[in-house]
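Scroll down for the structure; my scribbles are underneath it.
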Amino acid sequence: MNIIAALKQGNLLAFNEVYYSWHKRVYYFILQKTKSSFIAEEVTQLTFIKCWNYRESLADDLQIESQLFRIARTTLIDFLRKETVYQEKVVHVIDRYTLPVDDLWGKLAEKELQAKLANILKEMPPMRRKVFEMSRFNGMNYQQIAHKLSLSPRTVETHIFQAIKQIKHALGVLISLLAWLSRF
């Protein structure tokens with residue numbers, strides 16, 4: 001049976017065959033473009049999710065390989081666009097709501113932020129905290145941290161991603177409060 005026809009019929013065995021046959025190639029294709037194992041992993045997973053979700057739209061006259069790589073390429077572009085927009089929004093919020101240091105509110109906010117960050121770091125698992133501190137406070141890159149702690153660079157990247165995610169989550173309410181206070 002044609003693999004695309006089987007996919008269109010919702011055949012999970014056909015999808016598993018496609019996934020296991022092409023997963024690594026799609027991953028390395030994205031890794032080559034981005035040099036980030038995290039992005040490569042995310043985009044690869046999204047590619048196969050889209051392949052399954054939109055399987056009825058697959059072209060019968062094109063090889064599954066070319067369709068997968070087209071999906072991967074467009075998924076990467078979407079992912080990078082979203083990441084760029086998110087970073088621009090974060091910079092805008094920081095620029096808009098950062099108070100002058102000589103301002104009383106600014107000094108209070110800075111102390112509060114430092115205390116909150118210290119508490120967040122204490123709550124992190126020890127390895128995540130150590131990796132984050134080596135990166136952000138000691139200025140070490142992923143390779144240096146990986147070598148020093150006998151970890152893979154991928155593991156270091158994952159720890160830093162999780163640490164930043166935890167910090168953003170914990171600081172969300174505080175940043176909203178500081179933004180509200182800055183209006184006065």
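For the reader, a short list of remarks on this structure follows.
- Across all Cα atoms of the range 31-78, the radius of gyration (one decimal) and Dmax (whole number) stand at 11.1, 33 Å.
- Semi-axis lengths (Å, descending) of the ellipsoid that matches the C-alpha gyration tensor of the range 1-90: 26, 13, 10
- The string of couplings for the range 20-36 from the Karplus curve (6.51, -1.76, 1.60, θ = phi - 60°) is 6, 7, 10, 3, 5, 5, 5, 4, 5, 4, 5, 4, 4, 6, 10, 6, 10 Hz, one whole number per residue in order, with x for Gly and Pro.
- Each residue of the range 49-60 was assigned a 3J(HN,Hα) from its phi angle through the Karplus curve 6.51 cos²θ - 1.76 cosθ + 1.60 (θ = phi - 60°); the sequence is 5, 5, 4, 6, 5, 10, 4, 5, 8, 4, 7, 6 Hz, with glycine and proline shown as x.
- Descending by average beta-carbon neighbour count within 10 Å, the peptides 67-78, 10-21 line up as 67-78, 10-21, the highest first.
FYI, it's all coordinate maths here, none of it is from the lab. For clarity, every value in this text was computed on a predicted model and none was experimentally measured. We place every Cβ from the backbone using ideal geometry, glycine too, and count neighbours over all the protein chains shown.
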